[in-house]
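Some notes on the structure that comes next.
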Amino acid sequence: TGMVISMIPIVDQICDVRDFFACSIQVREKPDDNLPKIMMVITIIGVVPTIGSFAKGMLKIILSILRRTFKNVPANFHRLPAFEKRIDETLEKALKQVKVFLNRADVQKYLQFKKIGDPYKCVAGKIEILISEASKNSSYVIKQAKYLLGIFDKLIGYVKRFGGNNKLVQEALEEQKKLKDFINNKLPKLLQDNEILTAAIKMLRKVQRRLEIESD
């Protein structure tokens, strides 16, 4: 249901900011662990608006399950031999949830309306575009992070304008400052570590390949 909601214009942007913000908190809490940074980069790459709301919605199901799976593993678990096996196992679980999503009547209507005959192949193709862009340089990831920050700024502006709870607004403004500092000062340095972007692309490639197998 959350994925269907996240396909609604404007609401999907709120969901994108929520996911990114949750990842940035994980990175702050575990500064010496590269795995939360990898998951954050994947999340940033996965919210590109140009791939369309359906592809984003389906990809979000997979990424959210991956994030939960690797939330409480040992530090730098991605360097261990068990990492790839855990990804494969998680993707099997994620595909079950994807099938539930695709079997919904409202999603079926959407697929018919958009003339998407093979959703797995469709999303796999979109992931290829993301991988291609992210592989070129790290500035693509920073650009996407700034796009999300811009949405966050707008959301806070709306809350202030419509008289939201003052205490919550102040808390949000404080978090906004932290997020700005993170994106402008820490994220570029973080992406200088080639291990992070390389591992993120490798995980996306695994997702893409699994969707291609499902399509076949």
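The values are calculated or read from the model by the stated rules, or taken from the named source; none is laboratory data. Small disclaimer: the values here were computed from a predicted structure and weren't measured. Cβ coordinates were reconstructed from backbone atoms using ideal geometry, including for glycine residues, and neighbour counts include every protein chain displayed. Heads up: the accessible areas ignore ligands, DNA and RNA and are worked out on the full protein's heavy atoms, side chains in. Shrake-Rupley method; radii C 1.70, N 1.55, O 1.52, S 1.80 Å.
A few remarks follow.
- On the stretch given as region 3-29, residues that are modelled with pLDDT under 80, over 13 Å from the mean Cα position of the chain (by Cα) and open to solvent by 40 Å² or more (accessible area, probe 1.4 Å) total 5.
- Of the listed requirements (1) under 27 Å from residue 89 (Cβ atoms); (2) open to solvent by less than 30 Å² (accessible area, probe 1.4 Å); (3) not charged (D, E, K, R), residue 198 misses just one: (2).
- Applying a threshold of 8 Å to beta carbon distances and a minimum spacing of six or more residues, or different chains, the list of pairs starting in region 185-208 at a residue that is more than 19 Å from residue 76 (Cα to Cα) and ending at one that is among the hydroxyl-bearing types (Ser, Thr, Tyr) reads 188/138.
- All conditions in (1) assigned to a loop (DSSP other than H, G, I, E, B); (2) open to solvent by 40 Å² or more (accessible area, probe 1.4 Å); (3) touching a helix residue (DSSP H, G or I) at 6+ places or on another chain (Cβ under 9 Å); (4) not polar (S, T, N, Q) hold for residue 32, with the sole exception of (3).
- Among the residues of region 157-192, just one is surrounded by 14 or more Cβ atoms within 10 Å (Cβ to Cβ) and not in a helix (DSSP H, G or I), namely 191.
- Members of region 112-122 found to be surrounded by 10 or more Cβ atoms within 10 Å (Cβ to Cβ) and without any contact (Cβ under 8 Å) to a residue 40 or more places away in the chain, listed by number: 112
- Flag if residue 154 is open to solvent by 70 Å² or more (accessible area, probe 1.4 Å) and closer than 27 Å to residue 199 by Cα: no
The rows are residues; the columns are (1) open to solvent by 20 Å² or more (accessible area, probe 1.4 Å); (2) at pLDDT 90 or above.
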| residue | (1), (2) |
| --- | --- |
| 37 | yes, yes |
| 43 | no, no |
| 51 | no, no |
| 57 | no, no |
| 64 | yes, no |
| 72 | yes, no |
